[in-house]
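So the structure is just underneath, and the comments pick up after that.
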Amino acid sequence: MKKVTLLGSTGSIGTQTLDVIAHDPESYEVDGLAAGSNVELLIKQAKQFKPKKVCLSTKELAAEAALHLPDGIEVLHGPEGLVEIAADNDSDTVVTAIIGSRGLHATMAAIDAGKQIALANKETLITAGHLVMKLAAERGVAILPVDSEHSAIFQCLNGERRGEIKRIILTASGGSFRDKTRAELEGVTVEQALAHPNWSMGAKITIDTATMVNKGLEVIEAHWLFGIEYEQIGVLMHPESIIHSFIEFVDNSNIAQLGLPDMRVPIQYALTYPNRRPTPTESLDLAKIGQLHFREMDLNRFPCLRMAYESGKAGRSATTVFNAANEVAVARFLAGEVSFLDIERIIGTVLERHDVTDVPDLAAIAEMDGWARKEAAAVC
Ligand code: NDP
Ligand code: MG
């Protein structure tokens, strides 16, 4: 029986995690559920999965939830509540499925408490990868990837030696605008950007996929998770999202992981590793799919991917700034306040204004994140 605390239970990854758990109820116990503001869904989930603690983002939302929750469930709130539910529990594993760098403190608290991490919240690694990985090593905690590309690489590495990797290739669906030229991106709408061809995901990551920021975040995520240099991480466009990523070894042999695009597979693997269990998903039928396509990534067409590589290579504070500027730009785009192409302009301007410096602790990260958010808001 695996005991699980789930941060971000009401989101895309959160609800799919609970779907995996509901499919195999004897294997799991849900200890804690944290959400932002979707009180109604959190109550429904709490009634079904009976956690000991739940958390919402504000005191008011927590009070509202408390009125409807079964007796005996402790109701926490705010950033402190999130840290408490992440660390102070009987769970073996904490699934981090919150969106954005706001998940960092809770993730660090869970690692500090010795919890295994099933990591979906990639922004925590982009914003403070050096701190997260150092603390995980000190506490002997495994960070198991939920992101499909990183789960693929993790699976391809089973029984292999990291020193024998020549390069890692992350595949990219290309997002909602993969077939548009840069000129055609002028004036695209939020609705068009949210219509992802292959995956159903939360709004922020769907926009990140269209700008190719998401693949940039994933390059940085791969650097931290697998200890691989940026020069050894490639990106290949693969519109069908069947090959989830692959590794080329020093002998030019390639190992790939394949499956239909369904996040419940990598989510479950992060929970059952090193074991495999049946999932409530469909089998891959390659004969039915017939053809798989690949295209080279054009860094002029996708400048956000180029900026992510540059930030990753610069290291130190650069990726914290890249991430924070993007979070502000995407929120403004989703609110209809800036255009799609403004997202790359905002990130680029903030990076230009930034002098890369050391960010040795969480306080320095918070300061840098705050600076980048202010700058981004100013150029919106
Ligand atoms: P969603 O927007 O669907 O969900 C975000 C979750 O975070 C919701 O449960 C939301 O709660 C919760 N949340 C927001 N603010 C707070 C807060 N202050 N305190 C507590 N909880 C909060 O996002 P996704 O599920 O798509 O993505 C989650 C993470 O997983 C991201 O980092 C993303 O990059 C990563 N990821 C997602 C994939 C996907 O397929 N969706 C694939 C790979 C990675 P509420 O809705 O109640 O406000
Ligand atoms: Mg991914």
For the chain, set up a GNM with springs between Cα atoms under 10 Å and report which of 13, 73, 99 has the largest fluctuation.
73
What is the sum of charges, Lys and Arg at +1 and Asp and Glu at -1, for the other residues whose Cβ falls under 11 Å from the Cβ of residue 19?
-1
Net charge dipole size for the range 256-345 [Lys, Arg +1 and Asp, Glu -1 on Cβ; Debye, nearest 20]
280
All other residues with a Cβ under 13 Å from the Cβ of residue 315 taken together, and with Lys, Arg as +1 and Asp, Glu as -1, what is their net charge?
-1
Give me the accessible area of residue 293, 1.4 Å probe, in Å² rounded to the nearest 10.
90
Given a 1.4 Å probe and every protein chain left where it sits, what share in percent of the accessible area of the chain is carbon and sulfur?
50
Cα Rg, Dmax (largest Cα-Cα span) when computed across the chain, Å:
20.0, 62
P(r) weight above 25 Å for the range 1-102, C-alpha pairs, percent:
8
Tell me, what is the per residue accessible area of the chain in Å², probe radius 1.4 Å?
42
Whole-Hz ³J(HN,Hα) from phi, Karplus 6.51 cos²θ - 1.76 cosθ + 1.60, for the range 130-146, glycine and proline x:
5, 6, 4, 5, 5, 5, 4, 5, 5, 8, x, 9, 8, 9, 9, x, 9
Have a look at 37, 173, 245 and tell me which one the Gaussian network model of the chain (Cα, springs below 10 Å) gives the largest fluctuation.
37
Amide H of residue 36 versus every other amide H placed in the peptide plane: which residues, excluding those fewer than 5 positions away on the same chain, fall under 5 Å?
10
Starting from the Cα gyration tensor of the range 201-328, multiply each eigenvalue by 5, take the square root, and state the resulting semi-axes largest first in whole Å.
27, 18, 17
For residue 77, list long-range residues whose amide hydrogen, built 1.01 Å from N in the peptide plane, is under 5 Å from its own amide hydrogen.
56
For the range 313-318, in order, what is each residue's ³J(HN,Hα) by Karplus, 6.51 cos²θ - 1.76 cosθ + 1.60 with θ = phi - 60°, in whole Hz (x at glycine and Pro)?
5, 5, x, 6, 7, 4
Just in the range 122-217: which GluC sites (Glu not before Pro) are loop by DSSP and have at most 11 other Cβ atoms within 10 Å?
186
Fluctuation leader among 339, 151, 253 - the chain, Gaussian network, Cα springs under 10 angstrom
253
Mind listing the long-range amide H neighbours of residue 3? Cut-off is under 5 Å, sequence gap 5 or more, other chains count too, H placed in the peptide plane at 1.01 Å from N.
29, 92, 93
How large is ³J(HN,Hα) for each residue in the range 364-380, as worked out from phi by the Karplus curve 6.51 cos²θ - 1.76 cosθ + 1.60 (θ = phi - 60°), to whole Hz, x for Gly and Pro?
5, 4, 4, 5, 5, 4, x, 4, 5, 5, 5, 4, 4, 4, 5, 9, 5
Net charge (Lys, Arg +1; Asp, Glu -1) of residues whose beta-carbon lies under 12 Å from that of residue 250, residue 250 excluded, is 0
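The values are calculated or read from the model by the stated rules, or taken from the named source; none is laboratory data. Quantities reported herein were computed from a predicted structural model and do not represent experimental measurements. For neighbour counting, all protein chains shown are included, and Cβ atoms are generated from backbone atoms with ideal geometry for every residue, glycine included. Each accessible area value is taken on the protein alone, full model and side chains, heavy atoms only, with ligands, DNA and RNA left out. Shrake-Rupley method; radii C 1.70, N 1.55, O 1.52, S 1.80 Å.
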